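Where a number appears in this text, it was derived from the coordinates with a stated rule and is not lab data. Here the structure is a predicted model, which means the values were calculated and not measured. Note: ideal-geometry Cβ built from the backbone for every residue, glycine included; neighbour counts use all protein chains shown.
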Amino acid sequence: SAGLVETITVKGDSLEVKVTFPADYGNVDLAGKEALFQCTIHEVRQRILPELDDALAKLAGINEGGVEGLRTMVRSRLEKDVAIKTEKRVEKSVYDALLQANPFEIPSRLEQHQRQIMLAQMKRDYQARGVDVAKMGIDDNQWLKLFGESAGEQVRIDLLLASIADKENIQVDDGRID
């Protein structure tokens, strides 16, 4: 909050921060409870934006075109990001429509397997970012419960897409698989 930012001004300052964990917090021992954190400021930084000039463009890897080249690169990346987000939104809409039009039960072992896959992927993602999942206070069983609905949906989508591919005789060329 703004008050907290105004309070933190000097290295070595100490403060207490009172937090209420949400009722649906992943760690059931903390869910809905208040906690008081004792904090000590170890470092205070201020973000200073660099000048928009050819030197900045070179730092960004633009060797030709200077500031205009940097703008072109940034614009291109933003356009790609928008295209990816739009594609994902359309994909989700198609998947949601498929699931709604084709309700069916799946074996629980398929859902459990998908949960395990999702847990392993999440751990790899956090590890790649330097986060130790074990220190988050949530055990594997709690994580697996959180993946329940989305794991079931993913299995249903995979089965529906496989069925469509089979009926339409769609095959993936091995040369196109990364």
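Can you give me the P(r) profile for the chain? Cα pairs, bins 10 angstrom wide beginning at 0, each as a whole percent. Values per bin, smallest distances first: 7, 16, 23, 24, 21, 8, 1.
If only the Cβ of Lys and Arg carry +1 and only the Cβ of Asp and Glu carry -1, the dipole of the chain around its Cα centre is close to 200 debye. Values of log10 I(q)/I(0) for the stretch 123-178 across q = 0.17 Å⁻¹ run -0.79, by the Debye formula with one identical scatterer at each alpha carbon and no solvent. Among the trypsin sites (Lys or Arg not before Pro) in the stretch 74-178, those located in a DSSP loop and surrounded by at most 13 other Cβ atoms within 10 Å of their own Cβ are Arg129. The longest stretch of the chain left intact once loop-based GluC sites (Glu not before Pro) with at most 15 other Cβ atoms within 10 Å are removed from consideration, loops following DSSP, is 106-167. Looking at the stretch 92-178, which chymotrypsin sites (Phe, Trp or Tyr not before Pro) are DSSP coil and have at most 12 other C-beta atoms within 10 Å of their C-beta? Those satisfying the criteria are Phe104.
Please sort through the DSSP H helices of the chain and keep those with an alpha-carbon extent of at least 20 Å along the long axis and a Kyte-Doolittle average not below -0.5. It would help to have the intermediate numbers written out before the result.
Values: long enough: 66-101 (53 Å, -0.42); 108-128 (30 Å, -1.32); 148-167 (29 Å, 0.08).
Long hydrophobic helices here: 66-101, 148-167.
Could you work out the Kirkwood radius for the stretch 57-136, taking every pair of different alpha carbons, averaging 1/r and inverting it, reported in Å? Numbers along the way, then the final one.
Details: mean 1/r = 0.0583 Å⁻¹.
About 17.1 Å for the stretch 57-136.
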